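A short write-up of the structure that comes next.
The values are calculated or read from the model by the stated rules, or taken from the named source; none is laboratory data. Computed from a predicted structure; not experimentally measured. Quick reminder, even Gly has a Cβ in these numbers, built from the backbone with ideal geometry, and neighbours come from all protein chains shown. What goes into the accessible areas is simple: the full protein's heavy atoms, side chains included, and nothing from ligands, DNA or RNA. Shrake-Rupley method; radii C 1.70, N 1.55, O 1.52, S 1.80 Å.
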Amino acid sequence: MAPTKTLTWPLALAYAALSVVSFHLAFAMGWSAFILLFLFGLVGLTTLSSTRKAFYFGLVIGLLIYSPHLSFFWEIFGWMAAALWLVLAFWLGVFLALARSVRLRFGALGLVLIPFLWTGIEYFRSELYYLKFSWLSVGYAFSNAFNLPDIASLGVYGIGFCAMLVVVAVHSWRSVRPFVLCLGLLV
């Protein structure tokens, strides 16, 4: 069963490009507000026409965002670095596949459940999973934020949860103007 309104390929590619570019801007340039655009693109991709497409989009986005930042793996592990990049990207694919399924199953409530799903997967991959890939979590993008003392008590996972909550609220409004306003307030 497909969502009532699925993404067209150009829009899906635009969401994916938005996610990749904004992730790099958030981490490479220290512009933490861009991490919200990264999450915005991911939530937009949860309306793809199939769970398999959502997983593969997440996998490719994961490879495009994690491998440049973790390029030092190549110097340490050689060609086996690709396997580590793939393991890290796998969790983004799992998130998109599960988030799409949750939205399909629960409708509007599914959108509200996405921040919990995001935080659960981030916590699992960072703390409970054997390899403990805590690198490049969304909360780390806010380490240079001007309001860090105000949000530091939330922790890395709380910041990621709140960021995803803001993005989900924007997606539920079906308008880009409030998102631009939120982004302007954070920058």
Review point. Any idea what log10 I(q)/I(0) is at q = 0.13, 0.17, 0.22 Å⁻¹ for region 70-167, Debye with uniform C-alpha scatterers and no solvent?
Key: -0.55, -0.85, -1.13
Check your understanding: Taking chymotrypsin sites (Phe, Trp or Tyr not before Pro) as exposed when DSSP calls them loop (any state but H, G, I, E, B) and at most 11 other Cβ atoms lie within 10 Å, what is the longest stretch of the chain free of them, the sites themselves excluded?
Key -> 1-129
Check your understanding: Accessible area per residue, 1.4 Å probe, Å², for the chain: what's the number?
Key -> 52
**Study point:** Estimated Rh, region 1-41: Kirkwood, alpha-carbon pairs, angstrom
**Key:** 10.8
**Study point:** HN-Hα J in Hz across region 122-138 - Karplus 6.51, -1.76, 1.60, θ = phi - 60°, x for Gly and Pro
**Key:** 4, 5, 4, 5, 8, 10, 9, 6, 4, 7, 6, 7, 8, 5, 6, 5, 4
Point to revise | Spatial extent of region 19-83: Rg and Dmax, with the Cα atoms as the point set, Å | key: 13.5, 39
**Study point:** Rounded, prolate or oblate (a/c below 1.5 giving rounded, otherwise prolate when a/b exceeds b/c) for region 1-114 by Cα gyration tensor
**Key:** prolate
Review point. Relative contact order (percent) for region 1-143, with alpha-carbon contacts under 8 angstrom and 6 or more residues of separation?
Key: 24
Review point. Which one of TYR130, LEU39, TYR157 is farthest out on the positive end of the charge dipole of the chain, using unit charges on Cβ (Lys, Arg +1; Asp, Glu -1) and the Cα centre as origin?
Key: LEU39
